[in-house]
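A.B. asks: Following this message is one structure expressed as structure tokens.
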Amino acid sequence: MLVVLAAIVAACAGSTGPTAPASETPGPSGLPSGGPSSAPVETAPPTTPPQSEQPPSPSDTEAPPESAAPSGSPETTGGTAAACTGTDNNRDFYADAAKALDFAVYCPVLPRGWFVDQGEYSLRNGGLLRITYKGPNGAALELVERGPCGTGDDCIPSGTEEGQTSFGDLPAEVVALDDGRLAIVAEEVGVGQWWIIGRGVDEQALTEIASELARVGG
């Protein structure tokens, strides 16, 4: 079963709206070919709330909230997912994914101005989670987490390694992709691969975002 998280985006008065995240168009982001599928998997828990439960996006005249950080208690925000940026529905998505997937799940803890765009996870082909965020001035993030890569598969974004950093509590590489974007990539052989790609985000900001990723489970 493919579990989908509906878009929840807020806009500032007079600001230029973010462009569509790069993950929506196939490209050198390195998304594996064995990605999410619509084929049913009976063990996948449904996590997408009914549309009526999704809070409406504020009008163009409304200012964004003071912070995108969670305000609910752990009991209402999925326990260890309480640090994840977004709404309770967003945090429930991460909590449910962490229970269903066999690898460690991480979520961003972002400053004001970042909002969930869309997300999904699947249990097929070892499992895969993908979620995108929109930020200030057209910035965007694509977060991908997946199970072990098959033999001979090109699962990780390719590019030029530019240094060492961290992806949450995992050691990681800073990778300059061929299209000019930056990625932070982590891998545990036989366990999984994790990466976050930034657009309109400089290297210092992206490495800080990656290092502050919160481990939800696994």
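The values are calculated or read from the model by the stated rules, or taken from the named source; none is laboratory data. None of these values were measured; they are calculated from a predicted model. We place every Cβ from the backbone using ideal geometry, glycine too, and count neighbours over all the protein chains shown.
A.B. asks: Could you say whether any residue in the stretch 174-181 is among the small types (Gly, Ala, Ser) and under 20 Å from Tyr94 (Cβ atoms)?
C.D. replies: So far as the stretch 174-181 goes, no, none of its residues is among the small types (Gly, Ala, Ser) and under 20 Å from Tyr94 (Cβ atoms).
A.B. asks: Hey, could you check the stretch 100-135 for residues that are among the basic types (Lys, Arg) and modelled with pLDDT under 95 and say which is nearest to the chain's Cα centre (by Cα)?
C.D. replies: Taking the candidates together, the pick is Arg112.
A.B. asks: When only residues in the stretch 159-218 that are hydroxyl-bearing (Ser, Thr, Tyr) and assigned to a strand (DSSP E or B) count, which is farthest from Pro108 (Cα to Cα)?
C.D. replies: Checked the stretch 159-218; the qualifying residue farthest from Pro108 (Cα to Cα) is Thr160.
A.B. asks: Of all the residues that make up the stretch 169-205, how many are under 25 Å from Ala82 (Cβ atoms) and crowded, with 22+ Cβ neighbours inside 10 Å?
C.D. replies: Final tally of qualifying residues: 8.
A.B. asks: Residue by residue through the stretch 142-165, note down the ones that are over 16 Å from the mean Cα position of the chain (by Cα), modelled with pLDDT of 95 or more and either exposed (fewer than 12 other Cβ atoms within 10 Å of the Cβ) or under 25 Å from Asp117 (Cα atoms) (or both).
C.D. replies: Listed by number, the list holds a single entry, Gln164.
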